[in-house]
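The values are calculated or read from the model by the stated rules, or taken from the named source; none is laboratory data. This structure is a prediction, so every number in the text was calculated from the model and none was measured. Here the Cβ positions follow ideal geometry from the backbone for every residue, glycine too, while neighbour counts run over all protein chains shown. Please note that ligands, DNA and RNA were not included when accessible areas were found on the heavy atoms of the full protein model with its side chains. Shrake-Rupley method; radii C 1.70, N 1.55, O 1.52, S 1.80 Å.
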Amino acid sequence: MTGQDTIESAGRVLDIIEALKTEQSLGVTELAERVGMPKSTVHVHLSTLKSRGYVVQDQNKAYRLSLRFLDIGMKVRERQEMYQEVAPKLNEIADETDEKAWWIVEENGKAVFLAKALGSRAIQTNSQIGQYTELYRLAGGMAILSVLPKHRRESILESYDYPLPDGRNRQELEAELDEIQDRGVAYGIDQFLEGVAGVGAPLVDNAGNAYGAISVSGPANRLDSERIENELTDLIRGISGELQVNLSYQ
């Protein structure tokens, strides 16, 4: 097998995994149609994945991803720097605000939801741990962009099509990032989910290294400007400051 064949084979396996991610389960024929491969090829790859424990078959002989991926995901998350420090702070935010708290990080130019905590009045949304989205859509994502090294920020901003879906052009986006950098917190409303507002602050150490952002989100009518200015901004900024000290002297 040539190097190119190996790359193509790995790509086909990933196509199968990604197709199974979107569905509860799929039979070989359905899966072959989804990924545009011969049934025989799909069957070979599924047999390998099954033998390694990455897919299982249900009572109808359809295939689904196994919990092996959950094990891998949890290991990856726990190895993130500061996970043990940030997770308790999310609980603190959720308890104090009764809302939903998130820790997000940047990976490959995207925002990744890494951990959350739910307050007693936290809204239920389809956001989930492990989900990827564009950084500009989240208060926490904008907070991250505001502290990334210039070359990294430029690379991400250049990847966007302007104007953004919410109407912002690049000049407006960069001006907003400068304001966030000066203020230490980012605000967002209706950018990720309609009717949802958020406040986010970056996590950095004294050397300027970024470790993502923490945020609190809730219904816009509950996270109004008065509450954001008088309660949430100081809370999020204060906790990010605590974590900055921990990051710098751990």
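Summed over segment 186-202, the residues that are touching a residue at least 40 places away in the same chain (Cβ under 8 Å) and either open to solvent by 40 Å² or more (accessible area, probe 1.4 Å) or closer than 26 Å to LYS150 by Cα (or both) give a count of 11.
Can you work out which of the residues in segment 140-151 that are assigned to a helix (DSSP H, G or I) and of a type in the set (A, V, I, L, M, F, W, C) is surrounded by the fewest Cβ atoms within 10 Å (Cβ to Cβ)? Filtering first and then ranking leaves VAL147. Evaluating ALA32 against the criteria (1) in contact with a Ser or Thr (Cβ under 9 Å, 6 or more places away or on another chain); (2) touching a residue at least 24 places away in the same chain (Cβ under 8 Å) leaves one unmet condition, (2). Determine whether LEU247 is within 23 Å of LEU114 (Cβ to Cβ) and part of a helix (DSSP H, G or I). When the stated conditions are applied, LEU247 passes them. Yes or no: GLN24 open to solvent by 90 Å² or more (accessible area, probe 1.4 Å) and within 27 Å of GLN128 (Cβ to Cβ)? Considered against the rule, which asks whether it is open to solvent by 90 Å² or more (accessible area, probe 1.4 Å) and within 27 Å of GLN128 (Cβ to Cβ), GLN24 comes out as yes. Those strands (runs of 3 or more DSSP E) of segment 53-139 in which 3 or more residues are without any contact (Cβ under 8 Å) to a residue 40 or more places away in the chain, assigned by the TED database to the domain that holds ASN221 and buried (at least 19 other Cβ atoms within 10 Å of the Cβ) occupy 110-118.
Checking the stated criteria, ASP205 turns out to be open to solvent by less than 70 Å² (accessible area, probe 1.4 Å), of a type outside the set (S, T, N, Q) and closer than 22 Å to GLU85 by Cα. Within segment 163-213, restricting attention to residues that are of a type in the set (Asp, Glu) and modelled with pLDDT of 90 or more, the residue that is farthest from THR133 (Cα to Cα) is ASP182.
Evaluating GLU23 against the criteria (1) assigned to a helix (DSSP H, G or I); (2) under 26 Å from the mean Cα position of the chain (by Cα) leaves one unmet condition, (1). Does GLY238 qualify as being assigned to a helix (DSSP H, G or I), modelled with pLDDT under 95 and in the same structural domain as ALA101 (by the TED database)? Yes. Of everything listed in (1) in a loop (DSSP other than H, G, I, E, B); (2) within 22 Å of the chain's Cα centre (by Cα), the single unmet condition for ASN221 is (2). Among the residues here, TYR162 does not qualify as among the aromatic types (Phe, Trp, Tyr) and within 18 Å of MET82 (Cβ to Cβ).
Residue-level check: of (1) under 20 Å from VAL105 (Cα atoms); (2) of a type outside the set (Lys, Arg); (3) exposed (fewer than 14 other Cβ atoms within 10 Å of the Cβ); (4) touching a residue at least 24 places away in the same chain (Cβ under 8 Å), GLU154 misses just (4).
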